[in-house]
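Read the structure below first, then the notes.
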Amino acid sequence: MMNDEVGYEVVEGCIAVVTLNRPAQRNAINRAVVDGLRQAWRSIEQDDTVRVGILTGSGDQAFCAGMDLKEAAATGLRVPPRDMLPVLGDVEHLSKPMIAAVNGVAYAGGWLFAQMCDLCIAADHAKFGITEAKVGRGMPWAAPLAHMLPQRVVMELLLTAQPMSAQRAMALGFVNDVVPLAQLRERALDMARTIAANAPLTVKAARELVYLSTEMGRSAALRAAQHLFESVYLSDDAQEGPRAFAEKRAPRWTGK
C-alpha cells in the first residue's frame, strides 16, 4: 500500500497495479489519494522491473467520482493550484504506459484520471462524465480532449455535464475496450502483458511519439520522430529482436 487509500502491488514481476481504495466514498479524491498517487507514480518510474501500470478503483460502483467535495468545502478551496492533483503528463512524469481499468463511474477528476492514462478498458456498466458545471467548478484539464474527441462531443460533455456510457465512449475512441466487470482486471492485465512483452525502448519512444505528434505540425513531428527513434535503432534490443525471430525464440530484452 502507498497508504490506506491507495493500494500498490507489482504482479507477474513487471505490472504495477494502483488501486484507489475509498469505495464508501466512491473513490473520491482527497489529500491521502493525492499523496498516495504521487508515491505510486514515482515508484513505477523508479522501478526498472516495472514496464506497465494499471490504475483502477476498488468496489463495483466507482472508478473515481471526482474531488471529495466535503473536503473541498471544508477547506474553502478556490482556484486550485496547477500541481494540486498528480496528473500524468502535466504535473508528474511517467515514461511507462498506464492503463485505466474503469470499474464504475468516472466523473470529473475520475474522467481526468482515465484521460491521463495512455489506454482505457472499461466495465460495461461504467459511465464517464465531466460534471463540474453541476457544482460551479472548472475543468481546465479538459483542454487535451480537443485531440481525443470531436469538438461537438467535447462541447456536449462540458456544457451539459451529462455522463456517457462506456459503450459510447468506446465508439468515440476514448475507451479501447468494454468488458463485463468480472473480466475487467484480467483484460487490463492481458493488455499490460502484451505491452510488457514488447521491446521496452520501442514502447517508450512510441508512446512519446503519440504525444509529441499532437503538439506539432506534420513535418515537425516527422523530424522529431526520426531523432526520437535513433537511439532505439542503435540499441542492443534492435539487434536482439531480429536475431530472436531468426532463431525462433522469444526475445530477451535488456532495455539497452
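A few notes on this one:
- Any hit, segment 37-46, residues being touching a strand residue (DSSP E or B) at 6+ places or on another chain (Cβ under 7 Å), at pLDDT 95 or above and surrounded by fewer than 17 Cβ atoms within 10 Å (Cβ to Cβ): yes
- Condition check for THR202: among the hydroxyl-bearing types (Ser, Thr, Tyr), within 14 Å of MET98 (Cα to Cα) and modelled with pLDDT of 90 or more: no
- When the residues of segment 109-125 are filtered to those that are part of a loop (DSSP other than H, G, I, E, B) and farther than 18 Å from GLN183 by Cα, the one that is farthest from the chain's Cα centre (by Cα) is ASP118.
- Test: residue in segment 86-108 that is surrounded by fewer than 17 Cβ atoms within 10 Å (Cβ to Cβ), touching a strand residue (DSSP E or B) at 6+ places or on another chain (Cβ under 8 Å) and either in the same structural domain as ARG38 (by TED's automatic domain parsing) or part of a strand (DSSP E or B) (or both): no
- Residue in segment 21-31 that is crowded, with 24+ Cβ neighbours inside 10 Å, under 24 Å from MET191 (Cβ atoms) and in contact with a strand residue (DSSP E or B) (Cβ under 9 Å, 6 or more places away or on another chain) present: yes
- Which listed residue, of ALA199, ALA188, is under 16 Å from the mean Cα position of the chain (by Cα), touching a residue at least 40 places away in the same chain (Cβ under 8 Å) and closer than 25 Å to TYR211 by Cβ: ALA188
- Restricted to segment 167-256, the set of helices (runs of 4 or more DSSP H) holding at least 1 residues that are touching a strand residue (DSSP E or B) at 6+ places or on another chain (Cβ under 8 Å), surrounded by fewer than 17 Cβ atoms within 10 Å (Cβ to Cβ) and assigned by TED's automatic domain parsing to the domain that holds ASP48 comprises 181-196.
- Residue count, segment 31-50 (criterion: under 19 Å from VAL102 (Cα atoms) and of a type outside the set (Phe, Trp, Tyr)): 5
- For segment 126-166, a residue qualifies if it is in contact with an Asp or Glu (Cβ under 8 Å, 6 or more places away or on another chain), closer than 30 Å to GLY217 by Cα and not in a helix (DSSP H, G or I), and the qualifying residues are GLY138, MET139.
- Filter result for the condition that a residue is surrounded by 15 or more Cβ atoms within 10 Å (Cβ to Cβ), free of Cβ contacts under 8 Å to residues at least 40 places away in the same chain and charged (D, E, K, R), over LYS134, LYS127: LYS127
- None of ASP48, ASP60 is closer than 29 Å to VAL179 by Cβ and in contact (Cβ under 8 Å) with a residue 24 or more places away in the chain except ASP60.
- The number of residues in segment 3-33 being free of Cβ contacts under 8 Å to residues at least 12 places away in the same chain and either within 14 Å of SER43 (Cβ to Cβ) or assigned to a strand (DSSP E or B) (or both) comes to 1.
- Residues within segment 150-160 that are within 22 Å of the chain's Cα centre (by Cα) and either of a type in the set (A, V, I, L, M) or not assigned by TED's automatic domain parsing to the domain that holds ALA133 (or both), tallied: 4
The values are calculated or read from the model by the stated rules, or taken from the named source; none is laboratory data. Note that the coordinates shown come from a computational prediction; the quantities given were computed from them, not determined experimentally. Positions of Cβ are backbone-derived with ideal geometry, glycine not excepted, and every protein chain shown enters the neighbour counts.
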